[in-house]
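> Please read through the structure below; I'll follow up with questions.
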Amino acid sequence: MIGIVKSYDPRRGMGELSPESGGAEIRVFVSEVERAGLATLLPGQRLSYTVQTDRMRKSSFAVRLELL
């Protein structure tokens with residue numbers, strides 16, 4: 001999927017992506033940002049990502065981030 005960074009707060013260790021195709025915003029966590037080799041995310045950046053769902057918590061989040 002492709003999305004745009006809506007917000008990211010490194011102090012909280014999380015942010016939100018808005019999918020370009022529309023739909024619900026997806027959370028992104030600092031662990032995935034660091035795993036992608038990025039220091040931070042800036043509002044407006046375009047990313048490619050995969051959505052992973054945590055069935056226990058019934059929430060989705062972005063993994064495999066890549067700047068476009």
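The values are calculated or read from the model by the stated rules, or taken from the named source; none is laboratory data. If you're wondering where the values come from, they're calculated on a predicted model, not measured in any experiment. Reconstructed Cβ throughout: ideal geometry from the backbone, glycine too, with neighbour counts over all protein chains shown.
> Looking at Asp54 and the list (1) touching a residue at least 12 places away in the same chain (Cβ under 8 Å); (2) touching a Phe, Trp or Tyr at 6+ places or on another chain (Cβ under 8 Å), which single condition is not satisfied?
(1)
> For residues in the stretch 24-43 being under 18 Å from Gly13 (Cα atoms) and surrounded by fewer than 13 Cβ atoms within 10 Å (Cβ to Cβ), which is modelled with the lowest pLDDT?
Among those residues, the one meeting the criterion is Ala39.
> Another one. Does the stretch 23-40 contain any residue that is touching a residue at least 12 places away in the same chain (Cβ under 8 Å), in contact with a Pro (Cβ under 6 Å, 6 or more places away or on another chain), assigned to a strand (DSSP E or B) and β-branched (Val, Ile, Thr)?
No, the stretch 23-40 contains no residue that is touching a residue at least 12 places away in the same chain (Cβ under 8 Å), in contact with a Pro (Cβ under 6 Å, 6 or more places away or on another chain), assigned to a strand (DSSP E or B) and β-branched (Val, Ile, Thr).
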